[in-house]
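See structure below.
The values are calculated or read from the model by the stated rules, or taken from the named source; none is laboratory data. Since the model is a prediction, treat every value here as computed from it, not as a measurement. Using ideal geometry, Cβ is built from the backbone for each residue, glycine included, and neighbour counts are taken over all protein chains shown. Note: areas computed on protein heavy atoms with side chains; ligands, DNA, RNA excluded. Shrake-Rupley method; radii C 1.70, N 1.55, O 1.52, S 1.80 Å.
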Amino acid sequence: MTDLAPLTVRLAARQDLSADQVAAAAGALASAEVPENAKAAFLTALADKGESVAEVAAFATAFRGMAVNPGVEAWAPAAIDIVGTGGDHAGGFNISSVVVLTLASAGVTVMKHGNRGITSRCGSADLLAGLGVDLQASPEKLRRALAELGYVFFFAPAYHPSFKHVAPVRKTLAAQGRRTIFNILGPLINPGRPAHVLLGVFAEPWVPKLAGALDALGTQAGLAAHGIIGPDRGIDELTTATRNRVRGVGRLSAVDGHWQAEDFGLKVSPFADLAGGDLAANLALVDAILAGRGPAGLVDTIVLNAAVALWITGKTANVRDGLGLAREQLLGGGVQRKIAATREFYRS
């Protein structure tokens, strides 16, 4: 088993790790035999140095290799993940989860990877379970879901058993207010390995870094985005309420700049329109949105994200071309029918 101490010393000296060193460190972090204090020292030194793009990609590669394979390779080339890093403490609604349903209603294959709320009161797993998704569904059942529903949700704890031995040290460091690389790895280690991604980033400086990591991982096309609320405050979403820092990935690597609602003919909304709550509150918000009573800014933000995803996957030539289709699916009954089909599928 790799001794983390020499690697920790290297990090403390502000030296980056090689891919082989990262692979060895990942194995040690996932081991029950390595003491927690050694893991904590390593993760702290890595965060203090600042993770390089190459290190992030190498850690993602290592933990992808340890993940349970759901056997969805046939769907991956056309699929997209709509995912955020979390950790922004902005209190936003589960935008990405409703975007998933909107896209699936429009015929786009979606493989979403996520967890229950950790830094939020309602995570993507919480909301989708509330809408009928079985978080413990077998890979075989999920392959059927892709064929019949057009989307799946990979519940992170079920596909990353190696994280079991990282959880205690993460919890300890989180209690000290310390971020680790595991706060940003989740969106990069989707076990289905979809070829496309729309990634919400918790902090603006991390947008180009995570776009670079996705490129290094071979993502066919994608976009990393961060919504700037104010000085030192932001959200891991692309929204109509914020100025959005964006960076393209793969086929879209030329995209690099800032987007705003007006760029797409949408109104700038108050950030309050995007607020979420606990599971009961967010389920009620879903009902309100589908009934045409949702906050205008939230509806427009869901539509914008779905339109961006349609563009990323090549379904439309540009973002504006997807706005009408996305709005029709969201408000015209498509998403409502998809939720009903989801409940029926997982009941059977």
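Amide H contacts under 5 Å for ARG243: ILE228, restricted to partners 5 or more places along the chain or on a different chain, H placed in the peptide plane at 1.01 Å from N. Computed on region 223-348, with alpha-carbon pairs under 8 angstrom and 6+ residues apart, the relative contact order is 17 percent. Pairing the Cα long axis of helix 139-148 with the longest principal axis of the chain, what angle in degrees results, from 0 to 90 and rounded to the nearest 10? Relative to the chain, helix 139-148 is tipped by roughly 30 degrees. Relative intensity of region 157-290 on a log10 scale, I(q)/I(0) at q = 0.16, 0.17 Å⁻¹, equals -1.03, -1.12, per a Debye sum over C-alpha point scatterers of equal strength in the absence of solvent. Please find, in a Gaussian network model of the chain (springs between Cα atoms separated by less than 10 Å), the residue of ALA213, ALA275, ALA225 whose mean-square fluctuation is greatest. Fluctuation is largest for ALA275.
A cut-off of 5 Å between modelled amide H atoms, ignoring neighbours fewer than 5 places along the same chain, links ARG116 with ALA125. Average accessible surface for region 34-180: 37 Å² per residue, computed with a 1.4 Å probe over protein heavy atoms with every protein chain in place. What do you get for the angle between helix 334-347 and the principal long axis of the chain? Use alpha-carbon atoms, 0 to 90 degrees, nearest ten. Tilt relative to the chain: about 60 degrees. Put the Cα centre of region 124-172 next to the Cα centre of region 257-295 and the gap is 25 Å.
Helix 36-49 and the longest principal axis of the Cα set of the chain meet at an angle near 70°. Using only alpha carbons, region 226-348 has a radius of gyration to Kirkwood radius ratio (Rg to Rh) of 0.99. In the chain, a dipole from Cβ-located charges (positive for Lys and Arg, negative for Asp and Glu) runs towards its positive end, and of GLY91, GLY333, ALA47 it is GLY333 whose Cα lies farthest in that direction. Multiplying the residue separation of ASP3 and GLU73 by 0.36 nm and removing their Cα-Cα distance gives an extension gain of 21.7 nm. Taken about its Cα centre, the chain carries a charge dipole of about 320 debye when Lys and Arg each add +1 at the Cβ and Asp and Glu each add -1 at the Cβ. In angstrom, the C-alpha Rg and Dmax of region 30-135 are 16.9, 49.
Residue by residue, region 157-167 carries 3J(HN,Hα) couplings of x, 6, 10, 10, x, 5, 6, 4, 8, 9, 4 Hz when phi is fed to the Karplus relation 6.51 cos²θ - 1.76 cosθ + 1.60 (θ = phi - 60°); x denotes Gly or Pro. Across the chain, the relative contact order, built from alpha-carbon pairs under 8 Å that are at least six residues apart, equals 20 percent.
With θ taken as phi - 60° and the Karplus curve 6.51 cos²θ - 1.76 cosθ + 1.60 applied, the whole-hertz 3J(HN,Hα) list for region 121-135 is 7, 8, x, 4, 5, 4, 5, 5, 5, x, 9, x, 6, 8, 5 Hz, x standing for glycine and proline. Rounded to the nearest angstrom and listed largest first, the equivalent-ellipsoid semi-axes of region 59-194 from its Cα gyration tensor are 25, 18, 12. When the chain is treated as a Gaussian network with alpha carbon springs shorter than 10 Å, the biggest mean-square fluctuation among ARG320, ARG293, ARG121 belongs to ARG293. In a fully extended conformation the segment linking ASP48 and HIS258 would gain 72.8 nm over its present Cα-Cα distance, using 0.36 nm per residue. Spin-label model, SER31/ALA288: points 7 Å from Cα along the beta carbon direction are separated by 5.2 nm. Dipole size of region 233-287 about its Cα centre, with +1 on Lys/Arg Cβ and -1 on Asp/Glu Cβ: approximately 300 debye, rounded to the nearest 20.
Each Lys and Arg contributes +1 and each Asp and Glu -1, all at the Cβ; summed about the Cα centre of region 160-249, the dipole is approximately 280 debye. Seen from a random direction on average, the alpha-carbon convex hull of region 197-247 projects onto 3.1 square nanometres. Between ASN318, ASN305, ASN37, the Gaussian network model of the chain with springs among Cα atoms under 10 angstrom shows the greatest mean-square fluctuation at ASN37. Shown here for region 1-79: trypsin sites (Lys or Arg not before Pro) in loop regions (DSSP other than H, G, I, E, B) with at most 14 other Cβ atoms within 10 Å, namely ARG14. Per q in 0.12 Å⁻¹, report the Debye log10 I(q)/I(0) for the chain, using one uniform scatterer on each alpha carbon and no solvent. Result of the Debye calculation: -0.82. What number comes out for the charge environment of GLY324, summing +1 per Lys or Arg and -1 per Asp or Glu over other residues with Cβ under 14 Å away? Counting the neighbours of GLY324, the net charge comes to 0.
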